[in-house]
Amino acid sequence: MVKEVLGSPRNPKQEVQALQDTIYVIGGKWKLPIINSLCNGHRRFMDIERSIPGISPRMLSRELKELEANEIIRRTADPDTPGIVEYSVTDYCYSFSDIILEMIKWGKSHRTRIKKILKE
């Protein structure tokens, strides 16, 4: 699988560009917590905001717009009820769910490792 992804011969410039593209779309302090919140069933702006400690309404609004622009989430306004907006993840978002699960797994393992080191 490594050769499939990286190619042979390897192209370091292309690899760095792909990493930068990924980090641009899902990087930063808030994007993954927002995606996680949506995957946990929070659909409305206030519900998402409440589920993420420390995020400001302004930052949440900005990050939601960026995620929507990159087709990671969908914004749906209820035509019958003005002001009612819901957010949901797109099928495209699920295309990197394995990455997110691996990041959660690694993060849990890393936290355990660091706690163990600090106890010694």
Can we say Ile100 is under 14 Å from Ile26 (Cα atoms), surrounded by 11 or more Cβ atoms within 10 Å (Cβ to Cβ), touching a residue at least 60 places away in the same chain (Cβ under 8 Å) and under 17 Å from the mean Cα position of the chain (by Cα)? yes
Any chance the stretch 63-74 includes a residue that's surrounded by 10 or more Cβ atoms within 10 Å (Cβ to Cβ), in contact with a Leu (Cβ under 8 Å, 6 or more places away or on another chain) and at pLDDT 95 or above? yes
Quick count over the stretch 85-100, residues being in a helix (DSSP H, G or I) and either modelled with pLDDT under 90 or of a type in the set (Asp, Glu) (or both), is 5
In this structure, is Ser51 out of contact with any helix residue (DSSP H, G or I) (no Cβ under 6 Å at 6 or more places or on another chain) and polar (S, T, N, Q)? no
Within the stretch 28-65, residues being among the basic types (Lys, Arg) and under 20 Å from Met103 (Cα atoms) number 2
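The values are calculated or read from the model by the stated rules, or taken from the named source; none is laboratory data. All figures in this text were calculated on a predicted structure; none of them were measured in a lab. Quick reminder, even Gly has a Cβ in these numbers, built from the backbone with ideal geometry, and neighbours come from all protein chains shown.
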